[in-house]
Ligand code: 5AD
Ligand code: SF4
C-alpha cells in the first residue's frame, strides 16, 4: 500500500441522486484514502474529480454535461499551471451513457459504473502509471466482487448512518432505469453487514438505515449458511449494543411479507416509519408500469402494517403522467393518498428514460397536464404531511439528536417517525436520545422543547 502521508492528493466528489449514491461516494473516498487522497469540499485544484451521477429522471445526461463543462475549466487551469486533474464520471449516467460521454467529452479520463468503483486504484494506475492508458470506460455489472473488495468502513458518518445491504433490481418496472444501470439483485452477507454496522457504531452511529434499491427483497447468506431475509437481518442487527434505531429503504410492495410486517411489531429498534412506493393508484397504470401489484394489494399491506404497528408513519413515491394516464387514473392516485394519509411523499412527472419499455409507449400525456396533476398531488400530500405533523403537537417523543448549530445552543434531530425537529438545547446532547415535547408543526419539520431538561443534561 502506498504511503499516504508523503503524497497527499485532493479528491473532490460531487454526488447526485439517491442515498445509494451518497453511500457509494463515501466508499470511493474510503478506497482512495490509502492512496493519499483526501476529500475536499472545493473542486478547485483537485487532483481527482468524480461526478457521481443519477439517471433516474429527466435531463440527467444534460445536467452531467453542463457540470462537466464547468469543471473542465478548472482542469484546464490546473494543466496550464503544469498540474494534473483526473476527471471521472461515475454512477448511473456513466453506466448508461459511458461511451457517449467519452466520445462527447474528450477531457474526461475515466468513466465507471456503480459496480466497478472498487477497481478505482487500478484504473488510476493505468491512467497515470507506466501503462499510459489514455482513457478508461469500466461499466461491468457484476456486483458479486465489489463488496468483498471494499476496504473496511472507516469514515465517520455521524449519528445517523447508511449501510448498503442490497443492490440492483429484478422487477423491471417499465419506466425505470435501475435494472439496467445497477444490474440484477444482489445481497451482501449478514456477516459483512454486521461487521460494517459495528464499525459504524464504533464511529458514533446510533441509527442505521439499511439501503437497497429493493431492500426488502434482501436474501443474503446468513450466519448459518442459509439464506436470510430482511426481518432476520434486522433482528440480528437489533442485538448490537449501542445501536438504538434501524430503518430500511426503499421497499417494493411485492416483497412486503408477513415476517417483515411482524418485525415492525416485534423489534423495538425498528422504527415505525416505512417508505413504500406505489407509483400510481390506478390498476390499469400499475399494469402498464409492470409493478406486479394492484392497488388493493398495496392497501391490504398497509392495513396489516397498521395492525402490527398502529402508529406506523407511511411514505411513498408517485409518478404522474405515465403514458395513457387519464383524469380518472390520476384521481385513483389522489384517492390512494386520501386513504393512506401519508406522513410524507415524493411525486414526480413521468419522464421517458431511454432504453426502458415505457419510452416506446404511445398515448403520451401533455406536459401542461402533467404539471397540473403534479401540483395537485403535491398539494394533497403536503396537506396530509402537515396534518400528520400537527397531530404531534402536545405529544412527548424521543428524539435522536444528530446535529447542533454553530452557536451550540440549538439541536437538530429526528423523531421515530423520521420527522426533522429543531429543539433548543446544548450541543452535548448530540448523539443522544431525549424526550421532547412537540410545540410546533410545519409541512417538513417540527419544533419542540426538551422534557426533562435538567435531568437529561445531568445524565448526558
Ligand atoms: N419518471 C419519473 N419518475 C421516475 N422515478 C423512477 N423512474 C422515473 C421516471 N422515468 C421515480 C419513482 C421512483 C423514484 C426513485 O423515482 O417514483 O420510486
Ligand atoms: Fe425501478 Fe421498479 Fe426496481 Fe424500483 S422496483 S428500482 S421502480 S424497477
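Bear in mind these aren't lab numbers, they're just calculated from the coordinates by the rules spelled out. A quick note: this is a predicted structure, and the numbers were derived from the prediction, not measured. Quick reminder, even Gly has a Cβ in these numbers, built from the backbone with ideal geometry, and neighbours come from all protein chains shown.
Restricting to bridges with both residues inside the chain, how much of the DSSP beta-bridge set is antiparallel, in percent to the nearest 5? Walk me through the numbers before you get to the answer.
Working: 25 of 68 bridges.
Antiparallel bridges make up about 35 percent of those DSSP assigns within the chain.
Please compute the length gained on full extension between residue 405 and residue 352, using 0.36 nm multiplied by the number of residues separating them and subtracting their Cα-Cα distance.
Numbers: separation 53, 0.36 × 53 = 19.08 nm, distance 4.13 nm.
Going from the current span to full extension adds 15.0 nm.
Along the principal axes of its C-alpha atoms, what lengths does segment 155-250 span, in descending order and rounded to whole Å?
41, 30, 18
Okay, helix-only estimate at 222 nm for the chain: each DSSP H run of n ≥ 4 adds -39500 (n - 2.57), divide by all residues, round to 500 deg cm²/dmol; what do you get? All intermediate terms of the calculation are to be shown ahead of the outcome.
Values: 14 runs with 162 residues, N = 460.
The per-residue figure over the chain is -11000 deg cm²/dmol.
Sort 215-224, 342-351 for me by packing, meaning the mean count of neighbouring Cβ atoms within 10 Å per residue, highest on top. Provide the component values of the computation, followed by the final result.
Working: 215-224: 18.2, 342-351: 20.1.
Listed from highest to lowest mean packing, they are 342-351, 215-224.
In nm², what is the average projected area of the convex hull enclosing the Cα atoms of the chain?
Values: hull surface 94.5 nm².
About 23.6 nm², averaged over all directions.
Tally the DSSP beta bridges in segment 155-250 and give the antiparallel ones as a percent, rounded to 5. Please list the in-between numbers first.
Working: 5 of 15 bridges.
The antiparallel proportion sits near 35 percent.
Which of rounded, prolate, oblate describes segment 22-165, given a ≥ b ≥ c as roots of the alpha-carbon gyration tensor eigenvalues and a/c under 1.5 marking rounded, otherwise prolate only if a/b is larger than b/c? Before the final figure, lay out the partial values.
Numbers: a/c = 1.38, a/b = 1.23, b/c = 1.12.
Note, shape of segment 22-165 comes out rounded.
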